[in-house]
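Peer 1: Handing you this structure, nothing more for now.
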Amino acid sequence: MPDRGSGGPTGPRIRVGRPSRRARTLLMTAGVLAVLAMLFVMFAGFWTDWLWYRSLDYSSVFTTTLVTKVGLFAVFGLLMAAVVGLNIWLAHRLRPPLSAMSLEQQSLDRYRMGIAPYKRWILLGIAALVGLVSGASAAGQWRKWLLWVNGVDFGTTDPQFGMDVAFYAFDLPWYRFLLGFGFAATVLSLIAAGLVHYLYGGLRVTSPGARATAQATGHLSVLLGVFVALKAVAYWLDRYGLAVKGSDFKATENWTGLKYVDANAYLPAKTILFIIAIICAVLFFATLWRRTWQLPVIGFGLMVLSAILIGGLYPAIVQKFQVEPNEQAKETPYIKKNIKATRDAYNINDSRATNYSGTSKAGDQELRNAADTTAALRLLDPNVVSPTFQQKQQVRGYYEFPATLDVDRYTTEDGEEVDSVVGLREIDPDGIPKKGWINEHFKYTHGYGMVAAKGTEVDKDGEPVFLEKNLPPRGELGEYQPRIYYGEQTTNYSIVDGPQKEIDYVGDGEEVTYSYTGDGGVELSNPFNRAAYAMSFGEPRILYSGAIGEGSQILYNRTPKERVEAVAPWLTIDGDPYPAIVDGKVQWIVDAYTTTNNYPYSSRTTLGDTTTDALTDSQRSVVAQQNRVNYIRNSVKATVDAYTGEVELYQWDKKDPVLKTWMKAFPGTVEPKSAISKDLKEHLRYPQDLFKVQRELLTRYHVTSASQFYSGSERWQIPDDPTREGSTAVPPYYLSMKLPGEKEQTFSLTTTFNPVERETLGAFMAVDANATSPNYGRIDLLRLPSNTTVAGPQQVQSKINSDPEIADDLNILKRGDSEIEYGNLLTVPLRGGLLYVEPVYIEGANTSYPRMRKVVAVYGERVAFENTLEEALNNVFQADGTGDTGEDPGQDPGQDPGEDQGQDPGGDPPGDPDLQQALQDIEDAYERSEEAFREGDWGAYGRAQEDLKEAIQDAADARAGGGS
């Protein structure tokens, strides 16, 4: 016979067979490499996270969080897999013999035969699937687990059940998770067991006779009994849940806690339903012996009917016929509990409320003198002057300042502490010349220096008076490390301390280079680390670039908020970190909060909404660990070194039980309050976001009378910012001031309230924001009479806008496409009345930044619009004979107050040489002022106005010396 492998008369045959050994080897190798690549991708993220935490010395946070998540994943994943798998196996084990199967079941033979060879794998697959899903869900509950296992007592009990608040804050959330897990495991087991029983004949649907075998009946009855028993536990926990339940209530939005119907209808209903559920569960378990579902079904039906009648209908009847006819009387005890709990939970219980008339009987000169000592009136608005800082101090196009600057306090060389507007000169990725990977990540790596200006002064051109400026920095803030590697604008990663030198700054026209000497990054000397970062950042050049060498470090996660949030994921981060020079370093100061959503009887608030005002943007929004809260404390002050990126957490509130709990969970991560240096403490301040939360609550909870609270007659509202378009809440303002009865100014955070649906002033609120003050954190409320007609911020702004003289002046100033921008409208209580001060900025057609040109002062019905703050105060209080509004007691009411410019002020003897010279100076200065105004030379205009002011004063002095 011819060889089958040889060719025949028609040619050679093609042999078809398995791939060659070489091909199989290549395929196997490719498969292994693909699996290894996938594993490396998954591992790279984990490894780079570990390296980052280790570089900050917070590896314990990473490991504690990871171990907790993995532990919860494993325990609850395995538990779910075991429970569901056991019930599937048990249902299969309890299947009836094939001979007993009905025709209906015999039709399922092909399905049984199809899965028979794979039964074990199907069982393992289903168990693994439900285990993975459940484990992943449980891993997300790591915060609840750590709070439960480390919780400490609050030392405060709820008024209904007498349970410590810790039970609601730490225990109840974990118990609810366990209950939910139990329900999920039971329901999944019921579904899986029911399907197996049906597939193998234990359950019948269409066949005559018994619908279930005794074994299936017993098995499913036990599972149903477990489900009903869990429902009984749920009813019992629901009793305590009433203390933290949110509901609608006429007296306030976001009501939390029991009301009359809860205490007198829902609470007993939950107890009764708990007992019924226990009885029903016992009936299901008894089916193991009785082999019938008759009694359990009756019991279950009774439970459902009871839930409808007792848990739904009865409370509705109580609400309709007992509460609504006399709601205020019925709810008064519960309103009192809610008021007390809410004021405690938001730390507003110790706020001082005093009545304030809103009108003054003091004389003009007394008011004028008091204006100088009551407040350091800030003319430099940090929300307006960022373009001015940018224009005057940017120096190079690759630097930038934040859109909203910050307010801090610094001591000048002469020992005066001044409110200062500050900002860091950070790197601007969009301004980097010749864009490219090397330039963006190796050369232009950091900003340089702080810029600070006096908040209460501007120069003669309306520009900031800088305390610290230029490159290299010079000024009155002392020596410090000026390089800014970590900041609010710094979002790119940088690779430093390698062969490639960095651009430091430009001095004398030449670029000065620098090499990073800090240890704030992750070293890339190890090829494995480079490969991991190349994979994580999606940048293969990290792996092979020659710009990376021995000692190179990669800096990333560079904004202060994300660094603090990463090392303390259990904190809520304030939206406004601010820089300060502390102990020779630029430190970002970050306020952080501990919160809970389970403080009994305390009404809830939504942080994202409450902390939003006219200045909030995505960069300055609060980073909330949980957005809905009903308890908050500023428990931690954090710092981020702008050069090294080092993060320090300091315990600020030593009484807060939530912080104590987290400190137990993450030992060693938070330093004691005593570790805060004196220099750092001088720059700490009361945080804005906490203040906004408290002021929102105080719109309702400033009253402690249940009747007033219920009626809402004394409710306030936060006014809209009158200087900006749109209905957005006015931001609070930092201001050094003293309240009525105080002897000295203190750094404060202030705001105002309107009565609800009115624009008059309802109250003034201030908190002592100076961390070195013994009264730090004390809230003061000055309540105006409910029938007050004192103008609120919107009315004051309307008065300014509608004043014809001011309007004429503004129209002149806007000539030539100049733009007007109003600064912060500051409110200051002054001798019984309210002084409003607002700087007005002009951005000329030929300039790209605003300069302060005018100051508005409003007191009562008086309005002054002048070039300087001093002139505006003199005018509004008619002091020293320079007032131009209202009646001056020492002046003829019919005289034009402006007639003294360039004329004989008061008919003094014309032969007085000093007076004649002063009058000539007035005329000259006035003409120079007019000429500068026509030409749009605002610098010359400001100088001429100063000369005019001095000449008028000289004339007044000469007149006084002449014995008039």
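Bear in mind these aren't lab numbers, they're just calculated from the coordinates by the rules spelled out. Note that the structure is predicted; figures quoted are calculated from it, not measured. Neighbour counts run over all protein chains shown; Cβ positions are idealised from the backbone, glycine included.
Peer 1: Positive end of the dipole of the chain, charges at C-beta (+1 Lys, Arg; -1 Asp, Glu), about the Cα centre: which of N770, Q795, Y593 has its Cα farthest in that direction?
Peer 2: Result: Y593.
Peer 1: Now, a different point. Go through 433-440, 71-78 and give me the packing order, highest mean Cβ count within 10 Å leading. Numbers along the way, then the final one.
Peer 2: Working: 433-440: 12.8, 71-78: 17.8.
Sorting 433-440, 71-78 by mean packing, highest first, produces 71-78, 433-440.
Peer 1: How high is the relative contact order of the chain, in percent, counting Cα pairs under 8 Å that sit 6 or more residues apart?
Peer 2: Numbers: 1710 pairs, mean separation 101.2, N = 964.
With pairs under 8 Å counted, the relative contact order is 11 percent.
Peer 1: Once every DSSP H run of n ≥ 4 in the chain is given -39500 (n - 2.57) and the sum is divided by its residues, what mean residue ellipticity at 222 nm do you get, rounded to the nearest 500 deg cm²/dmol?
Peer 2: -13000 deg cm²/dmol
Peer 1: Measure nothing fancy, just the Cα-based angle from helix 21-55's long axis to the longest principal axis of the chain, in degrees from 0 to 90, nearest 10.
Peer 2: It is inclined by approximately 40 degrees.
Peer 1: Pairing the Cα long axis of helix 913-935 with the longest principal axis of the chain, what angle in degrees results, from 0 to 90 and rounded to the nearest 10?
Peer 2: Relative to the chain, helix 913-935 is tipped by roughly 40 degrees.
Peer 1: On to the next question. Using Cβ contacts closer than 10 Å as the measure, can you line up K443, K259, K799 from fewest to most? Each step should come with its number before you reach the end.
Peer 2: Working: K443 20, K259 25, K799 16.
So the residues, fewest neighbours to most, are K799, K443, K259.
Peer 1: Amide H of K854 versus every other amide H placed in the peptide plane: which residues, excluding those fewer than 5 positions away on the same chain, fall under 5 Å?
Peer 2: Sorted by chain and number, the residues that satisfy this are V840.
Peer 1: Quick check of the Kirkwood formula: for the chain, what is the inverse mean of 1/r over all pairs of different Cα atoms, in Å?
Peer 2: 34.2 Å
Peer 1: Using the number of other C-beta atoms within 10 angstrom as an exposure proxy, rank H702, H683 with the fewest first.
Peer 2: By the 10 Å Cβ count, ascending, the order reads H683, H702.
Peer 1: Continuing with the same structure: Using only the alpha-carbon atoms, how far is helix 327-345 inclined from the longest principal axis of the chain? Give it as 0 to 90 degrees, nearest 10.
Peer 2: Helix 327-345 sits roughly 80 degrees off the main axis of the chain.
Peer 1: Further question: For region 559-684, just say rounded, prolate or oblate: build the C-alpha gyration tensor, square-root its eigenvalues into a ≥ b ≥ c, call rounded for a/c under 1.5, and beyond that prolate if a/b exceeds b/c, oblate if not.
Peer 2: The shape class here is oblate.
Peer 1: Charges only on Cβ, +1 for Lys and Arg, -1 for Asp and Glu: so what's the dipole of the chain about the Cα centre, in debye to the nearest 20?
Peer 2: 11560 debye
Peer 1: Working out 0.36 nm times the residue gap between R54 and S711, then minus their Cα-Cα distance, what length gain in nm do you get to one decimal?
Peer 2: Going from the current span to full extension adds 230.9 nm.
Peer 1: In whole Hz, what ³J(HN,Hα) sequence does region 558-567 give by Karplus (6.51, -1.76, 1.60; θ = phi - 60°), x for Gly and Pro?
Peer 2: Ordered by residue, 3J(HN,Hα) equals 9, 7, x, 5, 6, 6, 5, 5, 6, 7 Hz.
Peer 1: Would you order L305, L784, L190 from fewest to most other beta-carbon atoms within 10 Å of each residue's own beta-carbon?
Peer 2: L305, L190, L784
Peer 1: For region 558-618 and region 707-760, what is the separation of their Cα centres, given in Å?
Peer 2: So the separation of the two Cα centres works out to 22 Å.
Peer 1: Does region 213-345 come out rounded, prolate or oblate by the C-alpha gyration tensor, with a ≥ b ≥ c the root eigenvalues, rounded set by a/c under 1.5 and, if not, prolate when a/b is larger than b/c and oblate if not? List each step's numbers first, then the result.
Peer 2: Details: a/c = 4.38, a/b = 2.52, b/c = 1.74.
Prolate, since a/c reaches 1.5 and a/b exceeds b/c.
Peer 1: Now a separate question. For region 435-488, what is the relative contact order in percent, using Cα pairs closer than 8 Å and at least 6 residues apart in sequence? All intermediate terms of the calculation are to be shown ahead of the outcome.
Peer 2: Values: 58 pairs, mean separation 19.6, N = 54.
Relative contact order of region 435-488: 36 percent.
Peer 1: Rounded to the nearest 0.05, what FRET efficiency do S515 and W437 give with R0 = 22 Å and r taken as the Cβ-Cβ distance? Could you check?
Peer 2: In this case the efficiency is close to 0.70.
Peer 1: Working out 0.36 nm times the residue gap between F321 and V282, then minus their Cα-Cα distance, what length gain in nm do you get to one decimal?
Peer 2: Fully extending the segment from F321 to V282 adds 10.4 nm.
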